[in-house]
1. By how many nm would the segment from A:Ile71 to A:Asp9 lengthen if fully extended, with 0.36 nm per residue of separation less the alpha-carbon distance?
2. Does the stretch B:211-256 come out rounded, prolate or oblate by the C-alpha gyration tensor, with a ≥ b ≥ c the root eigenvalues, rounded set by a/c under 1.5 and, if not, prolate when a/b is larger than b/c and oblate if not?
3. Please state, to two decimals, what the Cα-based radius of gyration of the stretch B:60-242 comes to when divided by 2.2 N^0.38 Å (N = residues).
4. Sort out for me the Cα centre separation of the stretch A:210-274 from the stretch B:40-105, rounded to whole Å.
5. Rounded if a/c is under 1.5, else prolate if a/b is larger than b/c, else oblate: which is the stretch A:299-357, with a ≥ b ≥ c the root eigenvalues of its Cα gyration tensor?
6. Once the Cα gyration tensor of chain A is found, what semi-axes does its equivalent ellipsoid get, as square roots of 5 times the eigenvalues, in whole Å, sorted largest first?
7. In peptide A:77-84, how many Cβ atoms from other protein chains are near each Cβ within 10 Å, on average?
8. Given C-alpha coordinates of the stretch A:72-169, what is the ratio Rg to Rh with the Kirkwood estimate of Rh?
Amino acid sequence: MSADVELNDVWIKFGDFVAARDVNITIEGGEFFSFLGPSGCGKTTLLRAVSGFLEPSQGTIKIGGQNMAGIGPNKRPTALIFQNLALFPLMAVWENIAFALEVRGMGKAARRKKADELLELIALPGQGDKLVHELSGGQKQRVAIARALAAEPEVLLLDEPLSALDLKLRQHMRTELRAIQQRVGITFIYITHDQGEALTMSDQVAVMREGIIEQVGDGNNIYDHPATSFVASFVGENNLFRGRITGIDGDYAMVDTNVGPLKARMTKTNGEVPLKFNDDAFVFVRPESLKFANGVNYENTVRARIAHQEFEGHFWQVYLDVAQAEKRISMSLVNDGQELGHETGSEVTLGFTPDLAVALPEGPLAAGE
Amino acid sequence: MIADRVRKFFVIGFVIVFFSYLFGPLLLMSVSAFNSSAFPRVSPFECFTVEWFAVLAQDATLMEGLRNSLFIGFGVVLIAVPMGLAGALMLTQVNPRVRPWYYTVVISPILIPGVVLGISTLVFWDRLGTMFGASYDSIFYDGIFLTIVGQSTFIAAYAMLVFISRLQRFDTAQEEAALDLGATNVQAFRKVLLPFLKPAIGSAAVLAFLASFENYNTTVFTIVSESTLTTVLASKVRYGINPSISALAVVIVVLTLVGAVFYEILQRREAAAAKASEAVARGETATRAQQAALYADPAVIIALLVFIAGFGTVYFAGTLGVDECKVAVKEEKQRLARERTKMRQSLEMFKGAAPGVQTAPATTAPKVRAKGTEGYENVFAPSNLEETVDSDSPAQQKQQEQPEEKVESPGKSQFQNIFDPANLQQQSGSGGTN
Ligand SMILES: Nc1ncnc2c1ncn2[C@@H]1O[C@H](COP(=O)(O)OP(=O)(O)OP(=O)(O)O)[C@@H](O)[C@H]1O
Ligand SMILES: [Mg+2]
């Protein structure tokens, strides 16, 4: 069983502090939905509202079409995997897993049987009698997942369940989580501040900033068609040029930037372009979209000097200084067996097509941009 | 170099002074429990005896007090521990802004003098009893009940402190996880929080029991016509004590020591088990050495040795020569008394006139005492001296023999009368001149 989750005009306030601001989201049943955002943006808070640990100050939350107002966490068809797991340290592994069954009054033998099945599912067969502290970090993580699944929730809520793991294990657990989700077929709401995680696993991603949902869409959409400057700067690497709109041409904007005039595509919201003449604007170009002009006639060109280059195996990472630009820009070039052809320190011309650049209204950027 | 040595000297000196300060009184008291002398003291050490333990066991009022104390202790545990737990849980639930106020209020019984708590308990229940028109043998006037209630008021606050410190280490996410998995509030409490609090419940119970057991200030008011160990002891001290009190102290000290050792062993066992299971988790096997370490703890070994030595001594001393020793002491005392009488008689004869007699004993007494001869204090108690001076020798003889007979039979209860308060004061007065 899976249920869809709907948040309508949800506001959550702690005193004067607004942790969630007018959140509107619809999550389809059986979907893998991710919340992506920097630390402190309100992801956990939203999840706690969905699982029933706090009531929204305003707005409604519906699960499976039913309004959840006034329904406690133990009555909701959700199970939450806590950011710190919150396993019961005084219980054996199998008792942890079977806790949801125990409180429903299931007999011990049946509980044990179910726990053993779930231990198979999470690839920890025969480990049921261990104590929690005897498990490794990744094993604990899996036990937490099994414990939540044992409750047979319609919606599984996961609060950065992989954050404590090392890279290798995290990648392994990603595939495993996705596989589990497809096997049990329930709705997953997944929280992360790791964009790789969000983009690879999710059907839909919501990018959050300071309690606001900046954009909802699938991974491609978020990456290629960012709706705001925050999304553009937070998701993936991006080079930024500041400027002002000098003209609008259909879906394209002419922007007079500090490195010269650039033409860039705009992301439409509700069929409208977000910019008009004389607006302050940002132009974002991804490192992999930049090319050495090498005599080819590009619509957009930027003069730059190579400051530094790194060979990363399957690609080259090149850092360049641009006069008038406040930040060094970067480009990555696929390693096709050819020499790069330019020395460090040499002046080069970079080119890119308007379709690979995005013009967005000036706005907040991700930290570090 | 020299500074080093000086520092070392002072450190060692301080340690010695500190530990004598801590354990000196206990040690002296323990030794006096085995001295056949009728007054609890270490020197002169007359005969080694365990008879005071028998006296203790036969002391009906003391035993009655002890029984009441135990009963009250358990009663207090039953009331104060749940109350303390409730108070501590409440603290985690109240609004953070109200929390300091709440804390101050519930902790205040600790700060209020026990005497005040005792009196207020008494007054409160008396008013309540009057309101309901209860008779004097109803629960409103029952000393045991009032004492349990009165002590619980502040012992619950102690218990609460224990629970608060444990609760501070509780990860509330665990409780939320339980709720999230469908547990009711009661289930979450019973299956998650309560097991976590178990060690604290044990500690709070022990603490509550001990606090109740040793309480006097409150109890002395709330106990009304009943008695507890502390009130019995207090009245004994007022009306004359004998070494059975020391014997009681020894029993308590030994029980405490046994408890401490057991607790230590349990703790170590738990720690070792945890370590072993961690080792198993890492793929190692628990080694014998780890388990052996448990029994090799110096504190445990020392405590065991002390026990064995103590009980061994008591056993052998109990079977060998106590009576012979006492007879010898008695004979020695009688001999000294006779000598003294003779000496005095000869002095009287020598001096003849009454005015001179007044000063004579005073000059001889310190000399005799200075030799450190045993068994002198009773004989030379100022009251004895006065009587000796004022009366004739037959009365004086009688007076001197009386204490010696008492020494012979510490088990007899009539003995206690000899130490009326006046006597006691004089004793300590004469001891002070030593
Ligand atoms: N109970 C609370 N009272 C007051 N403020 C709170 C409370 N809970 C959370 N906040 C605030 O709400 C904001 C969002 O917190 P939240 O835990 O949802 O962040 P998050 O997105 O999950 O961050 P992280 O990635 O670090 O877990 C933070 O600024 C936090 O300080
Ligand atoms: Mg969080």
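The values are calculated or read from the model by the stated rules, or taken from the named source; none is laboratory data. Everything numeric here is computed off the predicted structure, so don't read it as measured data. Cβ placement follows ideal geometry from the backbone for every residue including glycine, while neighbour counts extend to all protein chains displayed. Quick note on the areas: whole protein, heavy atoms, side chains included, nothing else; ligands and nucleic acids left out. Shrake-Rupley method; radii C 1.70, N 1.55, O 1.52, S 1.80 Å.
1. 20.5 nm
2. Oblate, because a/c is 1.5 or more while a/b does not exceed b/c.
3. On the way: Rg = 19.2 Å, N = 183, 2.2 N^0.38 = 15.9 Å.
After normalising by residue count via 2.2 N^0.38 Å, the value is 1.20.
4. If you average the Cα positions of each part, the centres end up 74 Å apart.
5. Working: a/c = 1.80, a/b = 1.26, b/c = 1.42.
Judged from the Cα gyration tensor, the stretch A:299-357 comes out oblate (a/c at least 1.5, b/c at or above a/b).
6. 46, 25, 15
7. 3
8. Rg/Rh: 0.95.
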